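The values are calculated or read from the model by the stated rules, or taken from the named source; none is laboratory data. Note that the structure is a prediction, hence the values are computed from the model and not measured. Neighbour counts run over all protein chains shown; Cβ positions are idealised from the backbone, glycine included.
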Ligand code: NAP
């Protein structure tokens with residue numbers, strides 16, 4: 001009999017990649033979204049035919065019991081969340097509900113419905129916030145700087161408590177930034193990829209950004225959803241940092257993206273001097289040695305390859321809209 005997986009936040013960047021990854025391995029995949037029709041707009045026609053989409057707002061406590069009882073998943077991946085980025089400080093109480101308390105509701109439903117269900121929580125580098133050391137490991141002191149990071153940290157604690165007290169197979173994937181052509185447009189990587197494609201096609205002529213010297217540990221979504229899956233296939237549940245361990249600046253991202261379409265970013269990218277902040281003493285960069293040693297996971301997509309993929313996807317998207 002095929003495995004069943006339930007993915008919350010199926011319409012998001014990671015949800016779609018994880019669904020494709022699991023379907024390719026023969027899983028039956030149930031995805032949840034607040035609005036099924038809106039979610040379907042994000043899917044390819046191939047995916048629509050293969051996925052079962054259920055409507056679920058994570059605020060609704062009772063619904064998770066119904067979903068688990070009805071679909072009997074063997075694995076649950078909790079990807080639904082208020083996003084990070086500029087929204088990390090908005091609606092702090094709602095963030096606490098969805099990114100924090102809702103995780104407890106899912107864990108409690110698993111405990112009461114079927115203790116054999118394996119659970120993966122999408123945690124975040126934002127639990128380290130104002131980091132006290134670099135690179136961060138699973139043992140680094142968590143010091144969140146935003147409601148988003150604080151709620152994710154609470155969720156991690158509950159994942160650990162349900163593992164230790166009730167013996168559930170629960171894992172937190174402490175994810176550093178990961179990107180893809182499906183990244184939403186408010187994120188800087190997608191802004192750059194989109195602008196490089198758009199300027200190349202003559203649709204715009206300038207890109208305004210904050211600090212070009214800001215640094216990130218950027219990975220590729222495909223690698224990160226594979227890491228989450230590998231956590232649930234292991235013999236023991238645990239928490240893992242998922243990161244590349246490499247830092248790149250926004251400037252490097254621009255250089256590569258514009259070079260990819262034969263342009264020089266310095267002719268088009270304008271830096272907003274007001275947005276420039278001093279670099280943090282301990283930048284957020286992850287050490288994924290535990291995932292490498294225990295799970296045998298390592299990232300396969302190089303930074304330059306990732307940037308190129310994102311620009312190519314936006315060239316295709318914008319090129320197609322020009323033809324219409
Ligand atoms: P995303 O594209 O923003 O997707 C998040 C999904 O959460 C959305 O599709 C949204 O779906 C759903 N959601 C939001 N509020 C909800 C609610 N009240 N009830 C039900 N669903 C709700 O995020 P992503 O990049 O795929 O990230 C996936 C997970 O990884 C998130 O938990 C995120 O915090 C974590 N993470 C991501 C990164 C990264 O770099 N991408 C880094 C660290 C951690 P609907 O609007 O359709 O309901």
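Of the residues that sit in the stretch 2-50 and are in a loop (DSSP other than H, G, I, E, B) and away from the ligand (no atom under 13 Å from the Cβ), which one is farthest from the chain's Cα centre (by Cα)? Out of the qualifying residues, it is 2.
Candidates are the residues of the stretch 82-117 that are touching a strand residue (DSSP E or B) at 6+ places or on another chain (Cβ under 9 Å), at pLDDT 95 or above and not in a helix (DSSP H, G or I); the one that is surrounded by the fewest Cβ atoms within 10 Å (Cβ to Cβ) is 116. Quick check on the stretch 219-229. Is at least one of its residues closer than 25 Å to residue 283 by Cα and not in a helix (DSSP H, G or I)? Scanning the stretch 219-229 turns up at least one residue that is closer than 25 Å to residue 283 by Cα and not in a helix (DSSP H, G or I).
Residue by residue through the stretch 288-324, note down the ones that are touching a strand residue (DSSP E or B) at 6+ places or on another chain (Cβ under 6 Å) and more than 17 Å from residue 253 (Cα to Cα). Spell out how you get there, then give the answer.
To start, the set of residues in the stretch 288-324 that are touching a strand residue (DSSP E or B) at 6+ places or on another chain (Cβ under 6 Å) comprises 288, 290-291, 299, 301, 303, 306.
If the condition is that a residue be touching a strand residue (DSSP E or B) at 6+ places or on another chain (Cβ under 6 Å) and more than 17 Å from residue 253 (Cα to Cα), then 288, 290, 291, 299 are the ones that fit.
Every listed requirement among (1) assigned to a loop (DSSP other than H, G, I, E, B); (2) away from the ligand (no atom under 16 Å from the Cβ); (3) touching a helix residue (DSSP H, G or I) at 6+ places or on another chain (Cβ under 6 Å) is met by residue 134 save one, (3). Suppose we filter the stretch 230-250 for residues that are part of a helix (DSSP H, G or I), touching a residue at least 24 places away in the same chain (Cβ under 8 Å) and over 18 Å from residue 152 (Cβ atoms); how many remain? Residues meeting the conditions: 3.
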